[in-house]
1. Full extension from ASP46 to ASN100: what is 0.36 nm times the residue separation minus their Cα-Cα distance, to one decimal in nm?
2. Nothing charged except the Cβ atoms of Lys and Arg (+1) and of Asp and Glu (-1): what's the magnitude of the dipole of segment 57-136 about its Cα centre? Round to the nearest 20 debye.
3. Tell me which aspartates and glutamates have Cα within less than 13 Å of LYS61's Cα, excluding those fewer than 8 residues away on the same chain?
4. Using a/c under 1.5 as the rounded threshold, could you call segment 52-143 rounded, prolate or oblate? The axes a ≥ b ≥ c are square roots of the C-alpha gyration tensor eigenvalues, and prolate needs a/b larger than b/c, oblate otherwise.
5. Please go through segment 68-141 and write out the trypsin sites (Lys or Arg not before Pro) that DSSP classes as loop and that have at most 15 other C-beta atoms within 10 Å.
6. Report the calculated FRET efficiency for GLU91 and GLU59 (r = Cβ-Cβ distance, R0 = 30 Å), to the nearest 0.05.
7. For ASP134 paired with ILE80, estimate the spin-label separation in nm (one decimal), with each label point 7 Å from Cα along the Cα-to-Cβ line.
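Please treat every number below as a calculation from the coordinates, not as lab data. Being a predicted model, the structure only gives us computed values, none of them experimental. All Cβ positions, even for glycine, are placed from backbone atoms using ideal geometry, and neighbour counts span all protein chains on display.
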Amino acid sequence: MWKSVVRKVLLSALLAVWGGVAAAQGVSDPYAALEGKWFWVGHSNDPGAAKACADRWTELKFSADRKTLNARNPVANSQIKTYSYNVLYRENNSIAMYLNGEDRRVASGDHIIWIAIVESHSRFLWRLHGQATDAAELAKYARVRCPG
């Protein structure tokens, strides 16, 4: 019981620190910071940032009313896949949304809620709502802005 309470307190403190770090790095508008071309941090070394930005990018752009995040990325045969997220809310440097047309659901049958945690203008993390994830685990899902 106490371990569970301590974990929740530590997670809350960690998220508060992340929010403070992002604000200190100038992320006053996570919507604006999230727009652009990104690649998964795991591709930084293999195949490398330049190759990842050429072949494995994801481009994000909000609708004018910021209620929809439109995304696109390359797939096989030089095709471009497009999809979108419905924005649910913004809190500090995070934006909660769900992916339109996603078949996966949580145990209750509800949509998976994706949280984009905007750390800076050059890096953001994906987190699933309700998932208690530590910093090392979240770092695996980081996205890094393509240069240029």
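1. 16.4 nm
2. Numbers: 10 positive and 8 negative charges, 41 e Å.
Result for segment 57-136 is approximately 200 debye, rounded to the nearest 20.
3. Result set, ordered by chain and number: GLU35.
4. It is rounded, given that a/c, with a ≥ b ≥ c, falls under 1.5.
5. ARG104, LYS140
6. Details: r = 24 Å, r/R0 = 0.81.
Here the calculated transfer efficiency is 0.80.
7. Taking the two extended label points, one gets 4.1 nm.
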